[in-house]
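**Student:** The structure that follows is given in the form of structure tokens.
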Amino acid sequence: MAVSRNTRGQIEKGDFSALEDDWLARVEEDPTDLDYFVGAARALGGTGQDDRSRVLLGVLDEQLRERESWGLRLELLRLAGHLMFATGDIHPHIMETLAKIYPDGEALSAMANSVALDKATQDIPKSWEKVERLQALMRFEQGTIVAMEGKGVGRIAEVNFALSTFKVDFDRISGVPVGFRAAPKLLESLPEGHILRRKLEDPKGLRAAAKDDPPQVLRALLESHDRPLKAGDIRKGLTGIVKDSEWTSWWSAARKHPQVLAGPKQTYSWAESSDDAVDAVWRSFEGAKTRARMAMLRRDGARDEDLKARMGAELAKSAVEALVSDPGLTFEIWHALERAGLPTEDLHFSPDGLMRETKNIPGFLAGIEDRALREEAYRLLADRRDDAQGHLLDRLSQEDDPRAIDVLIDLVGGTSKLDRFLDGTLALPHRAPGAFTWIAERAAEDETLRDRNPLRLLQQILVYLGRDELAPFRQRLQRLIERGGTVSKLMAVLSPDQAPAAADAIDRAGTLEPYEREELMTALELRFPTLRKDEAASSGLYATSESIAAKREEFDELMKVEIPANREAIAEARAMGDLRENFEYKSARQRHEYLNARAAQLNQELSQVQPIDFDRIDPSQVRVGTRVRLEAADGGERELVILGPWESDPDGGVISYESDLAAALLGKAVGDTAEVAGETVTVAAIALAR
């Protein structure tokens, strides 16, 4: 506890009368200032004035008792009890104060017994640890509304002192046991007015409030948490209160309130007042960089005209300062001011003038970070400058956004220079990675791009999937190899003499997963059967239609659900850090290998499988798809069904045509004999398996 210079001087001079006068005056004015009282008492004790310290603390203690400030008295006992009482006398005062704080004597006694507060009463540090545990647990009396991660909101249904557990009834599950030791960590006691408590106790009233006064319900939600919330968290917090179909209009109405503060990373909080909100926005604005300031003007300028004017004045200064060094930024600021309805006449420049007078057009265009404004600048360039075509072609090699590339292609038009650029980009994708990705994507729908050089484009997509130069575009390129994507459509226009080169490109693509390579090869072989290897062509797999449907369903589940989920798990595990000691990452990678191996196997089998056509089976001999009754020499009988490996169930009497047993029977007619497991059996009857 800090001791003021005045108090320290009084003690050093021995002017205890002055100190006592100050003490008594403070007791009357503000007995809650424990920092002063405890600090002064300790300082007195340190100079041998133990009795004086004890007497003065007794005066404070009496005042707290008269005011019934039992929480403060307990804190005083914790901080200075050793100065007020002998060690053996502190415990009764602790229990007396707790009894005042928690008037339900029976519950207090049971909880005190549960934390062993009546044991080892001379060990005061331990006693205070027990008091802390007791206070944490006393928040959870029967009927208390609590929240628990993963379970939602519930109510304490029972306090079981014999088992040292609380039983909590949640919305979907009742009687969830939570131990006394775990409760302070797992359960959050919800005070009156907390949004989660209102959802439990009065959902109908809360829904009505959300409809009538969106900002106030938003306020209740934001003030129920000790941190700013993202829009997604806000929507989740109001699940069941605001309908999904009404969310957009509700959120638009709620966040317009002048006390709603938008913070960094698109988080939201509630200011004490509209003036506080304006002050907070201005402080954030002063500490922000120029582009963040433009975003704040767009987002917060409308809340106060004076605030908007101040923001505009600061941005105008930045625009003038950047006029020579960063004209692209100046261009963006001018548009930000115009959109906010602020004057731009005093800036003595305009976008048109910038475009006409700027000598460094490449730097100007590269400095415009906003995609929509870059598009506007490209159009302005085409209208205002004679050298526009060259600059626009240069930008094609640097532009990343596909929508902006659309604009550039339209402006450049069907010129020979554009044709040369497209051919050059196809030859060397790393020189214009954004434009190459645009070509590859648009080729799925644009026949002219697809026909320009289909083999070369297919090869380059597969090669550059693994090249670092196109790493920022890898996700977009990855989608092109999926069924129905650009690669599939390119294979459809390949000529027979190009097919082997395409197969070689697929085989060499190191970044393809096994199942992806198998799927692409299968599609290519279906169009060009001569690519099939002899062994692949001669191999056959037969199964029932039901088994084929089940395998296709398993394959689809792997491709659409399990493999994408596993990729996310790998990304999340990688984000945890050190991969050498990262169990989650290793586990996710192992599952990745299993899932991809299984997908590749299923894909290969499904490409070869043929359904068993029971209508075309001749039951005069044992064939795949027949039911066979066998008789042994001792008169015993056995019935077998011969189907494919996917249906094999020996215990159920279904065997695969690949098995040794089936091999001994296939081709036999009624009356023929066969050796089965060292025993001679006779084919007694043959029928269709269904």
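**Student:** I'm told VAL131 meets every condition in (1) in contact with a strand residue (DSSP E or B) (Cβ under 6 Å, 6 or more places away or on another chain); (2) at pLDDT 90 or above; (3) among the hydrophobic types (A, V, I, L, M, F, W, C) except one. Can you identify the failing condition by its number?
**Tutor:** All conditions are met except number (1).
**Student:** I would also like to ask the following. Could you list, ordered by first residue, the pairs with Cβ atoms under 6 Å in which the first is in region 229-248 and at pLDDT 90 or above and the second is open to solvent by less than 90 Å² (accessible area, probe 1.4 Å) and part of a helix (DSSP H, G or I), at least 6 apart or interchain?
**Tutor:** Note: pairs meeting the criteria are ILE241/LEU206; ILE241/ALA210; VAL242/ALA210; VAL242/TRP250.
**Student:** Between a residue in region 445-470 that is farther than 15 Å from GLY485 by Cα and touching a residue at least 24 places away in the same chain (Cβ under 8 Å) and any residue that is part of a loop (DSSP other than H, G, I, E, B) and of a type outside the set (Gly, Ala, Ser), which pairs come within a Cβ distance under 6 Å, given they are 6 or more apart or on different chains?
**Tutor:** GLY466/THR511
**Student:** Another question, if that's okay. If you go through region 531-573, how many residues are charged (D, E, K, R), at pLDDT below 70 and either closer than 21 Å to GLU658 by Cα or in a helix (DSSP H, G or I) (or both)?
**Tutor:** Number of matching residues: 2.
**Student:** Here is a further query. Scan region 632-640 and tell me whether some residue there is of a type in the set (A, V, I, L, M, F, W, C) and touching an Asp or Glu at 6+ places or on another chain (Cβ under 7 Å).
**Tutor:** Yes, region 632-640 contains at least one residue that is of a type in the set (A, V, I, L, M, F, W, C) and touching an Asp or Glu at 6+ places or on another chain (Cβ under 7 Å).
**Student:** Could I ask something else about it? Return the pairs, sorted by first residue and then second, in which the second residue is in a helix (DSSP H, G or I) and open to solvent by less than 40 Å² (accessible area, probe 1.4 Å), the first residue lies in region 407-436 and is touching a residue at least 40 places away in the same chain (Cβ under 8 Å), the beta carbons are less than 6 Å apart, and the residues are 6+ apart or on different chains.
**Tutor:** Partner pairs satisfying both residue conditions: PRO429/PHE436; PRO429/GLN460; PRO429/TYR464; PRO433/LEU470; PRO433/PHE473.
**Student:** Condition first: small (Gly, Ala, Ser) and either in a helix (DSSP H, G or I) or at pLDDT 90 or above (or both). Now tell me which residues in region 193-207 satisfy that.
**Tutor:** GLY205
**Student:** Separate question: Take the conditions farther than 21 Å from PRO645 by Cα, open to solvent by less than 80 Å² (accessible area, probe 1.4 Å), at pLDDT below 90 and hydrophobic (A, V, I, L, M, F, W, C) and apply them to LEU526. Does it pass?
**Tutor:** So LEU526 does not fit the description; no.
**Student:** Considering region 119-138 alone, what residues qualify as being assigned to a loop (DSSP other than H, G, I, E, B) and free of Cβ contacts under 8 Å to residues at least 24 places away in the same chain?
**Tutor:** Listed by number, the residues that qualify are LYS119, ALA120, ASP123.
**Student:** Could you check how many residues of region 402-426 are of a type in the set (S, T, N, Q) and either open to solvent by 30 Å² or more (accessible area, probe 1.4 Å) or modelled with pLDDT under 90 (or both)?
**Tutor:** Summing the residues that are of a type in the set (S, T, N, Q) and either open to solvent by 30 Å² or more (accessible area, probe 1.4 Å) or modelled with pLDDT under 90 (or both) in region 402-426 gives 2.
**Student:** Also: So which residues in region 145-160 are open to solvent by 20 Å² or more (accessible area, probe 1.4 Å) and either among the small types (Gly, Ala, Ser) or touching a Phe, Trp or Tyr at 6+ places or on another chain (Cβ under 9 Å) (or both), if there are any at all?
**Tutor:** MET148, GLY150, LYS151, GLY152, VAL153, ARG155, ALA157, GLU158, VAL159, ASN160
**Student:** Examine region 161-176 for a residue that is open to solvent by 40 Å² or more (accessible area, probe 1.4 Å), in contact (Cβ under 8 Å) with a residue 40 or more places away in the chain and assigned to a helix (DSSP H, G or I), and state whether such a residue exists.
**Tutor:** Scanning region 161-176 turns up no residue that is open to solvent by 40 Å² or more (accessible area, probe 1.4 Å), in contact (Cβ under 8 Å) with a residue 40 or more places away in the chain and assigned to a helix (DSSP H, G or I).
**Student:** Residues of region 301-322 being surrounded by fewer than 18 Cβ atoms within 10 Å (Cβ to Cβ), hydrophobic (A, V, I, L, M, F, W, C) and within 21 Å of ILE368 (Cβ to Cβ), which ones?
**Tutor:** Across region 301-322, the qualifying residue is only VAL320.
**Student:** When residues of region 1-42 are filtered for being open to solvent by 30 Å² or more (accessible area, probe 1.4 Å), without any contact (Cβ under 8 Å) to a residue 12 or more places away in the chain and among the hydrophobic types (A, V, I, L, M, F, W, C), how many remain?
**Tutor:** 1
**Student:** Here is a follow-up. How many residues are in contact (Cβ under 8 Å) with a residue 24 or more places away in the chain, open to solvent by 50 Å² or more (accessible area, probe 1.4 Å) and closer than 16 Å to PRO645 by Cβ when one looks only at region 584-608?
**Tutor:** Selection size over region 584-608: 2.
**Student:** If you take the residues of region 247-300 that are in a helix (DSSP H, G or I) and of a type in the set (Ser, Thr, Tyr), which of them is nearest to GLU369 (Cα to Cα)?
**Tutor:** Going through the qualifying residues, I end up with THR290.
**Student:** In region 647-690, what count of residues is obtained for those that are of a type in the set (D, E, K, R), touching a residue at least 12 places away in the same chain (Cβ under 8 Å) and surrounded by fewer than 18 Cβ atoms within 10 Å (Cβ to Cβ)?
**Tutor:** The total comes to 3.
**Student:** Give the number of residues within region 609-646 that are within 30 Å of THR522 (Cβ to Cβ), of a type in the set (Lys, Arg) and surrounded by 12 or more Cβ atoms within 10 Å (Cβ to Cβ).
**Tutor:** Selection size over region 609-646: 1.
**Student:** Which of the numbered conditions does GLU141 fail, given that it passes all the others? Conditions: (1) touching a strand residue (DSSP E or B) at 6+ places or on another chain (Cβ under 8 Å); (2) free of Cβ contacts under 8 Å to residues at least 24 places away in the same chain; (3) open to solvent by 30 Å² or more (accessible area, probe 1.4 Å).
**Tutor:** Exception for GLU141: condition (2).
**Student:** Which condition breaks for GLY45 when tested against (1) modelled with pLDDT of 90 or more; (2) crowded, with 17+ Cβ neighbours inside 10 Å; (3) over 30 Å from ASN160 (Cβ atoms)?
**Tutor:** (1)
The values are calculated or read from the model by the stated rules, or taken from the named source; none is laboratory data. Please read all numbers here as calculations on a predicted model, not as lab measurements. Heads up, the Cβs are rebuilt from the backbone with ideal geometry, glycines too, and the neighbour counts pull from every protein chain shown. These area figures cover heavy atoms from the full protein model, side chains too; ligands, DNA and RNA do not enter into them. Shrake-Rupley method; radii C 1.70, N 1.55, O 1.52, S 1.80 Å.
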